[in-house]
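Everything below concerns the one structure shown next.
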Amino acid sequence: MAVKHGHQAIAELLIQADGIDVNQADKGGRTPLLLALDKGHLDLVRHLLATESIDVDAGNPLLVTVENGNAAIAALLIDAKVRSVLLTGVACMFPEALRPLPIYTRD
């Protein structure tokens, strides 16, 4: 609830508390990250992405971000190396969100 309603201080305390699963979904299957993305809470998204145990790929966060049209959050997700089949679509919709990406080769 704290994330959904943008209560930054309370959400940060809960995220840091022992025994809290930052990937725990609500009854609708939405994780705290998805809720923060859906509501456009940029600072909470930043804080959640900085959390070591966060699953950045649970529930396709990039899809939620694209649907909401939030380029700033799309850039954060791309920087967090979120995996998504939508990455090409994001490049078309939010070119300002993209940065040069390293090229990986199989060795």
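The values are calculated or read from the model by the stated rules, or taken from the named source; none is laboratory data. These figures come from a predicted structure and were not determined experimentally. A quick note on method: Cβ atoms are made from the backbone with ideal geometry, for glycine too, and the neighbour counts reach across all protein chains shown.
Is it true that residue 62 is in a helix (DSSP H, G or I) and at pLDDT 85 or above? Let's see the steps before the verdict.
On the way: in a helix (DSSP H, G or I): yes; at pLDDT 85 or above: no.
Considered against the rule, which asks whether it is in a helix (DSSP H, G or I) and at pLDDT 85 or above, residue 62 comes out as no.
For the stretch 33-58, which residues satisfy the criterion of being of a type in the set (Gly, Ala, Ser) and surrounded by fewer than 18 Cβ atoms within 10 Å (Cβ to Cβ)?
Matches in the stretch 33-58: 40, 50, 53, 58.
If I ask for residues that are in contact (Cβ under 8 Å) with a residue 12 or more places away in the chain and not in a helix (DSSP H, G or I), which ones from the stretch 27-50 would you list?
Passing the criteria: 29, 30, 31, 40, 41.
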